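Written out below as structure tokens is the structure these notes cover.
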Amino acid sequence: MSAALTPEGLVALYPALAGLPAERLARLLRPEAIMHLPAGTQVFAEHQPCQGFPLLVDGTIKVIKLAASGRELMLYRVSPGGSCIISSSCLLGHTDYNARGIAETPLTLLALPMQEFSSLIVEHPAFRDFVFHLFAERIGELMQLVEEVAFARLDQRLAKLILARNEATLNVTHQQLADELGSVREIVSRLLKGFASQGLVSLGREQVAVIDREGLQKLATV
């Protein structure tokens, strides 16, 4: 068993669960509540009822909104120690999902059943604070996303996205970058070629290497 799937490991990842009785922590970690999913798996889908509250132990989930045209816009990522506000809003509001969750990498997650989630919200103030802190944090991120989509040029947003990865070389396709920006591959490819001609990046097969980070930063803040 992974260290994170022990009571001590779970509390280390999710301090909001500290203070729960040992038997309750053990109940949360029962084998049927633990899910292992390969990369690319759809964790949840739009218009699907929410069955539980995910506590991510390993891997990352991207939460995306799909337009009628088929274009995607990435809303946010969930990493270990975090969770999904769309799941919590569905559980609290008794509504279906209004976005999709996709495993970016192989995942290990712990699914809290609806009854357990509701009980923790009522009985355990630290967990309630954790959930509402997530709401505040994600709403701030989504407001920033709305501002960027509405007011920022796509080249600025692309430069900012490349910088946000904080990697010398991004192993990513043009389509993946387009999906994160809610754009189309042809436009992103054209912008990347422009970046390359300016000496900001170099392009390879499914790779974008950062050559001039300072130049990208200037472009992102214009």
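Coordinate-derived values only; no laboratory data. What you see is a predicted model; the values in this text were computed from it and never measured. Glycine also receives a Cβ, built like all others from the backbone with ideal geometry; neighbour counts cover every protein chain displayed.
So, R0 is 35 Å and r is the distance between the beta-carbons of Arg213 and Leu66; what FRET efficiency does that work out to, to 0.05?
With R0 = 35 Å, the Cβ-Cβ based efficiency is 0.60.
Taking N as the number of residues in the chain, what is its Cα Rg relative to 2.2 N^0.38 Å?
1.14
Compute the relative contact order of region 1-121 as a whole-number percentage, counting only Cα pairs closer than 8 Å that sit 6 or more residues apart in sequence.
Details: 226 pairs, mean separation 42.6, N = 121.
That works out to 35 percent.
Can you tell me the dipole magnitude for the chain around its Cα centre, using point charges on the Cβ only (Lys, Arg +1; Asp, Glu -1), in Debye to the nearest 20?
500
How big is region 1-60 in terms of Cα radius of gyration and Dmax, in angstroms?
Looking at region 1-60, its Cα Rg and Dmax stand at 13.0, 36 Å.
Toward the positive end of the charge dipole of the chain, about the Cα centre and with charges on Cβ (Lys, Arg +1; Asp, Glu -1), which of Ile102, Val146, Val63 goes farthest?
Working it through, the farthest residue towards the positive pole turns out to be Val146.
Between Phe132 and His94, with labels modelled 7 Å along Cα→Cβ, what's the label distance in nm to one decimal, could you check?
Each label point lies 7 Å from its Cα, and together they span 2.1 nm.
Helix check for the chain. Which DSSP H runs span at least 27 Å along their own axis by Cα, with a mean Kyte-Doolittle hydropathy no less than 0.0?
Membrane-span-like by this criterion, though nothing is claimed about a membrane: 125-151.
Tell me what the chain gives for mean residue ellipticity at 222 nm when only DSSP H runs of n ≥ 4 count, each as -39,500 (n - 2.57), the sum divided by the residue total, rounded to 500 deg cm²/dmol.
-13500 deg cm²/dmol
Which Cα, out of Leu20, Ile187, Gly9, lies furthest along the positive dipole direction of the chain (beta carbon charges, K/R +1, D/E -1)?
Ile187
Which Cys residues of the chain have no other Cys Cβ less than 4.7 Å away and so no disulfide-compatible partner by this rule?
Cys with no partner Cβ under 4.7 Å: Cys84.
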